[in-house]
Amino acid sequence: MLNKKTVRDVSVKSKKVLVRCDFNVPIDKETGNITSDKRIVESLKTIKYLINAGAKVILCSHIGKTGQNKTLLPVSKRLAELLEMDVLFIEDIFKDNVRDVIDSMQDGDVVLLENTRMTEKEEANDEEFAKYLASFADIFVNDAFGSAHRAHASTEGVTHFLPSVAGFLIEKEIEALDHSINDPKRPLVAIVGGAKVSSKIGVLNALLDKVDTLLIGGAMTYTFLKAEGINVGKSLCEDDKLDVALEILQKAANKGVKLLLPVDNVVAKEMSEYTEEMTVSVEKIPEDYMGLDIGKKTSALFEEEIKKAGTVVWNGPVGMFELDKFSSGTRKVAEAMADSNAVTIVGGGDSASAVEKFGLEDKMSHISTGGGASLEFMEGKKLPGIEALLDK
Ligand code: ADP
Ligand code: MG
């Protein structure tokens, strides 16, 4: 449950409302086009609500990294199309006339401020910058779930200067994630994959306290296998995390969690679409080969667990799905989730892209818009952008 006030709990009529969205969308370098507008679409509910409630809507977001100076201009265009109305883009938020523009807004008008990361003060959570942003508005709405794990000027800083509430996307994300791991329909099955054990230790540990079954795939498989004394050839492996892997296996055993590691895998000499691949059992990885996907036997075992689940939480692809040759394990996981009647939750940026790539978005109960934020939430960490909002 989100124990924070939301836009429903404040009166916004004729008020200037600063809304922090997560418009950090992927942009094609050559064409300048937005390649996935999911995050913009997901922000519409709050924006439309505020427009209809007669607020003056001042949107802000970061895009890209500090120093890249990416522009939100394509976002303002896409947003205008989706809202079917004008969205005034403010290309320099430090210009003197910005305040005049905002003061002349009518109820229901929408403006978008340029990338908050045009200045290094955003990530530094600079107080003066936060105060400056806050000075444009009467109320702050945070709806940027994807940035909620970061205390930056436009996510946390502004809350010190304005009454601050959550938007509908943050509410939806928290309810979905919280419900799925803290009050799940059982059995609760988690699939954790991706590249590194080191980036997932926290979530693996936290999940072991909650789940009935844990399925491990992806490159992190090989750290576990090596820890068990299996030769993993050229597979990605974190040699300094072997003890961590053993601890996780031990914890699963102590807790009675059914933990499945791959039994077979697709291996190749290099990470390439043009290389020759073969499927071997995990004990038989040749010295000069690396594991790049789970094999058919493993897929079948994983599918069986997914079929039996009441809730499935997925974080991290089980193979190098960006290459078609090594995508079938990840596809099978996604398809099994899509076909199941369980509550299905996808957290993790690359897992979400995988689901998108396979065209299965509509078949999942919830796909998080925040990779890092959903991971930290599942780890049981507090998200500063949400903590700072007014309590219910
Ligand atoms: P998420 O963003 O969903 O949390 P991660 O960022 O942890 O996932 O990991 C995703 C990356 O892991 C993908 O780029 C994928 O190619 C890579 N990956 C998965 N399995 C393997 C593997 N066996 N070998 C190399 N890379 C892998
Ligand atoms: Mg990732």
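The values are calculated or read from the model by the stated rules, or taken from the named source; none is laboratory data. Just so it is clear, the structure is predicted and the values come from calculations on it, not from any experiment. Cβ: placed from backbone, ideal geometry, glycine included. Neighbour counts: every protein chain shown. Note: accessible area is taken over every heavy atom of the protein model, side chains too, but ligands, DNA and RNA are not part of it. Shrake-Rupley method; radii C 1.70, N 1.55, O 1.52, S 1.80 Å.
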A careful count of residues in the stretch 1-53 that are assigned to a helix (DSSP H, G or I), basic (Lys, Arg) and touching a residue at least 12 places away in the same chain (Cβ under 8 Å) gives 4
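Yes/no matrix, rows are residues, columns are (1) of a type outside the set (Val, Ile, Thr); (2) away from ligand 2 (no atom under 16 Å from the Cβ):
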site: Glu304; (1), (2): yes, yes
site: Thr311; (1), (2): no, yes
site: Trp314; (1), (2): yes, no
site: Pro317; (1), (2): yes, no
site: Ser327; (1), (2): yes, no
site: Ala334; (1), (2): yes, no
site: Gly349; (1), (2): yes, no
site: Gly380; (1), (2): yes, yes
Expected output for the stretch 225-238 (first residue open to solvent by 40 Å² or more (accessible area, probe 1.4 Å), partner part of a loop (DSSP other than H, G, I, E, B), Cβ below 6 Å, 6+ apart or cross-chain) is Lys226/Val232; Lys226/Cys237; Leu236/Ala219
Just one listed residue, out of Leu204, Leu113, Leu188, Leu215, is within 26 Å of Arg39 (Cα to Cα) and touching a residue at least 12 places away in the same chain (Cβ under 8 Å), and it is Leu113
Going through the stretch 233-243 in order, the residues found to be among the small types (Gly, Ala, Ser) and not in a loop (DSSP other than H, G, I, E, B) are none
Checked the stretch 70-109 for anything open to solvent by less than 10 Å² (accessible area, probe 1.4 Å) and within 26 Å of the chain's Cα centre (by Cα); matches are Leu72, Val75, Ser76, Leu79
Checked Val355, Val318 against criteria (within 11 Å of ligand 1 (Cβ to nearest atom), aliphatic (A, V, I, L, M) and touching a Gly at 6+ places or on another chain (Cβ under 6 Å)); the one match is Val318
For the stretch 348-377, pairs from a residue that is touching a residue at least 40 places away in the same chain (Cβ under 8 Å) and in the same structural domain as Val197 (by TED's automatic domain parsing) to a residue that is among the acidic types (Asp, Glu) and near ligand 2 (Cβ under 10 Å from one of its atoms), with Cβ under 9 Å and 6 or more apart or across chains, are Gly371/Asp350
Given the conditions (1) open to solvent by 10 Å² or more (accessible area, probe 1.4 Å); (2) at pLDDT 95 or above, every one holds for Ile170 apart from (1)
Could you please let me know if Leu261 is within 16 Å of ligand 2 (Cβ to nearest atom), hydrophobic (A, V, I, L, M, F, W, C) and in contact (Cβ under 8 Å) with a residue 24 or more places away in the chain?
no
Taking the stretch 193-223 and keeping only residues that are open to solvent by less than 20 Å² (accessible area, probe 1.4 Å), within 29 Å of Ala388 (Cβ to Cβ) and not small (Gly, Ala, Ser), one is left with Val203, Leu204, Leu207
Return yes when Ser353 is within 16 Å of ligand 2 (Cβ to nearest atom), over 14 Å from Ile181 (Cβ atoms) and either part of a helix (DSSP H, G or I) or open to solvent by less than 10 Å² (accessible area, probe 1.4 Å) (or both) and no when it is not. yes
Report task. Report whether or not Lys185 is surrounded by fewer than 22 Cβ atoms within 10 Å (Cβ to Cβ) and under 22 Å from Asn341 (Cβ atoms). Result -> yes
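Each row is one residue, and each column tells you yes or no for (1) free of Cβ contacts under 8 Å to residues at least 60 places away in the same chain; (2) touching a Phe, Trp or Tyr at 6+ places or on another chain (Cβ under 9 Å); (3) of a type in the set (D, E, K, R).
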site: Val101; (1), (2), (3): yes, no, no
site: Gly108; (1), (2), (3): yes, no, no
site: Lys121; (1), (2), (3): yes, yes, yes
site: Glu128; (1), (2), (3): yes, no, yes
site: Asn142; (1), (2), (3): no, no, no
site: Ala148; (1), (2), (3): no, yes, no
site: Pro163; (1), (2), (3): no, yes, no
Restricting the stretch 264-292 to residues that are without any contact (Cβ under 8 Å) to a residue 40 or more places away in the chain and among the acidic types (Asp, Glu), the one least open to solvent (accessible area, probe 1.4 Å) turns out to be Asp264
Hey, does the stretch 327-347 have a residue that's small (Gly, Ala, Ser) and modelled with pLDDT under 95? yes
Considering the stretch 110-160, residues that are in contact with a Pro (Cβ under 8 Å, 6 or more places away or on another chain) and within 23 Å of Leu375 (Cβ to Cβ), and then whichever is surrounded by the fewest Cβ atoms within 10 Å (Cβ to Cβ), we arrive at Ala151
In the stretch 329-350, residues that are more than 10 Å from ligand 1 (Cβ to nearest atom), touching a helix residue (DSSP H, G or I) at 6+ places or on another chain (Cβ under 7 Å) and part of a helix (DSSP H, G or I) total 6
